[in-house]
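Worksheet for the structure shown next.
The values are calculated or read from the model by the stated rules, or taken from the named source; none is laboratory data. Because the structure is a prediction, the values reported are computed rather than measured. Reconstructed Cβ throughout: ideal geometry from the backbone, glycine too, with neighbour counts over all protein chains shown. What goes into the accessible areas is simple: the full protein's heavy atoms, side chains included, and nothing from ligands, DNA or RNA. Shrake-Rupley method; radii C 1.70, N 1.55, O 1.52, S 1.80 Å.
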Amino acid sequence: MISRIADGIVLLWGWRRAAVAAFVGALAALAQAPFHAFPILWLSLPVLVLLLDGAVTAKASGRVKRLRPAFAIGWFFGVGYFLAGLWWIAAAFLVDVRQFGWMIPFALMFLAGGLALFMGLGTALARMFWSDGPARVLALAVGLTVSEYLRGNILTGFPWNALGYGLAANGPMMQAASLVGLDGMTFLAVIIFAAPVLLLNGRRFSRLAFVAICLLFGSLVGFGAWRLATVQVATVEGVKLRVMQPAIDQWRKWRPEFKGEILSRYVELSSGPDGKGLEKVTHLIWPESAFPFLLANEPWALSTLSQMLGSHTTLLSGAIRAEPPSAGESRPRYYNSVYVIAPGAELLDAYDKTHLVPFGEYLPFQDILEALGIQQLTQLRGGFASGTGLRTLTVPGAPPVGPLICYEAIFPNFAIGSERPAWLLNVTNDGWFGLTAGPYQHLHQAQLRAVEEGLPLVRAANTGISAVFDPLGRVVASLPLGEFGIFDSPLPIAIDPPLLTRMRQIGLITAIFCAFLLLFARRLQFFR
């Protein structure tokens, strides 16, 4: 029965093959947050392998043309995967539906279709090394690891919902990221979840390979459980954090006429329900772009902050920062920043966001598109300027911190600058995306940065999900999506740098090595 179904999948042609590829791609998206239904990958990836088994054309058509069916299968798989996993992006266009609502179908199809090109590249690359038996599973792992790496780095990069997150569905599983990082997790995920296809041909070597892969998966989970049970994490003495989640509606958050009301809400929430204010709080955390005004230009706001902070509390807050026009420029430069604000409301330091969101914070060919009447979602004339790079901030009364603004937390291997901080701070809005899957996915990806770097991560989000993670990715404290309020938490101490921080991109290096191994083996006809 199963063999007949498998043969039928291999023989699919035309629109039926495309539809099945898109369908199993959409199923694969269920492995991402908030569902974490990773067992579905044991269905979707074997079907992808079977579809690629049938991706053949006439031998006389040339090398590039012979790869077209494999590319098409990967592209349709990617369209299904990204539409099912990123549909929530449409919510951002509904914040100002009159101006941006018409763009929803175009934005979703452009995004899904564009990102799917990388999936197609990965399956075409895999097909170059294709052969019968276990080698084709390794070939698919090589192809998709390379293509996922390129997706996360070409142009501005967008590694959202990388396949490797499917192997990080829970605490024990995600500990493997401390060994191999996200690229390595993608490589392992494809091998592990595509493995059931090896049981279909009945060959002894394939069955042995399947057993070996099962042992690999069990070893990874066992390592994660052992790590969680044995690594002890203490807290920084004398540091008490308070994270504030205001849950301000996005349409109000950017309007200056609400500035007094918004700041009053922040102060009221931050002071706590017990009426004791910030008496025992050493560091207060507010989310991304907290103020609908330029804080440095508003003495009344600084005075309010000074009264709230008293003589012992430091505020770390997202804010918009401006610099005067440089020579030859007509407009000020605006930055999406994190301020370090000392007691007395002294602006000690600021970090400017480096990885800006295309079409959200800036437009490619900004001046040309603005002249055509097109604006990015923030509607800031001229867009935001990019900072000079990641760096560590000095914070009074706390260890040095590495700030990450919004989706900067999704970039593996780029979470810290040249100086390793003692903790990571991720301030974000996420109010753009409402009560959808988006904030859960964003949170999960930030959580994995803590595991990769061996650093605690503190996250403050406007509408949620705000949380504190220890360096093993365990939740210390959190607030649910959509709720307003505060929570207090100690600051966990960082652990020794994991293997990943000493050997970056080990997963990609492994994939490339395996590609050369497969190429060498094919030339010697090991898999004929």
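Taking the listed residues 267, 281, 243, the one that is open to solvent by 10 Å² or more (accessible area, probe 1.4 Å) and of a type in the set (Val, Ile, Thr) is 267, with no other qualifying. Screening region 91-185 for helices (runs of 4 or more DSSP H) wholly inside it with 1 or more residues that are within 30 Å of residue 494 (Cβ to Cβ) and not aromatic (Phe, Trp, Tyr) returns the ranges 135-151, 171-174.
With respect to residue 229, is the statement that it is open to solvent by 40 Å² or more (accessible area, probe 1.4 Å) and of a type in the set (Gly, Ala, Ser) true? Full working, then the answer.
Numbers: open to solvent by 40 Å² or more (accessible area, probe 1.4 Å): yes; of a type in the set (Gly, Ala, Ser): yes.
Yes; evaluated as a whole, the condition is true for this residue.
In this structure, residue 187 does satisfy being open to solvent by 10 Å² or more (accessible area, probe 1.4 Å), over 24 Å from residue 356 (Cβ atoms) and within 21 Å of the chain's Cα centre (by Cα).
Of these, 473, 482, which one is open to solvent by 20 Å² or more (accessible area, probe 1.4 Å) and either of a type outside the set (Asp, Glu) or at pLDDT 95 or above (or both)? Criteria check complete, one pass: 482. Would you check if residue 327 is open to solvent by less than 10 Å² (accessible area, probe 1.4 Å), in a loop (DSSP other than H, G, I, E, B) and either farther than 29 Å from residue 432 by Cβ or modelled with pLDDT under 95 (or both)? Spelling it out, it is not the case that residue 327 is open to solvent by less than 10 Å² (accessible area, probe 1.4 Å), in a loop (DSSP other than H, G, I, E, B) and either farther than 29 Å from residue 432 by Cβ or modelled with pLDDT under 95 (or both). Residues that are more than 27 Å from residue 83 (Cβ to Cβ) and either in a helix (DSSP H, G or I) or out of contact with any Gly (no Cβ under 6 Å at 6 or more places or on another chain) (or both) within region 427-458 comprise 450, 451, 452, 453, 454, 455, 456, 457, 458, listed in sequence order.
Of all residues in region 422-437, count the ones that are of a type outside the set (S, T, N, Q), surrounded by 22 or more Cβ atoms within 10 Å (Cβ to Cβ) and either under 21 Å from residue 482 (Cβ atoms) or free of Cβ contacts under 8 Å to residues at least 40 places away in the same chain (or both).
Here the count works out to 6.
For residues that are aliphatic (A, V, I, L, M) and surrounded by fewer than 22 Cβ atoms within 10 Å (Cβ to Cβ), scanning just region 23-49, find the one that is nearest to the chain's Cα centre (by Cα). Here the residue is 33. Considering (1) within 22 Å of residue 168 (Cβ to Cβ); (2) surrounded by 19 or more Cβ atoms within 10 Å (Cβ to Cβ), the lone condition that residue 52 does not fulfil carries the number (1).
Which ones in region 68-98 are in contact (Cβ under 8 Å) with a residue 24 or more places away in the chain, over 26 Å from residue 147 (Cβ atoms) and not aliphatic (A, V, I, L, M)? Result: 93, 96. The set of residues from region 342-393 being in a helix (DSSP H, G or I) and either within 21 Å of residue 432 (Cβ to Cβ) or at pLDDT 90 or above (or both) comprises 366, 369, 370.
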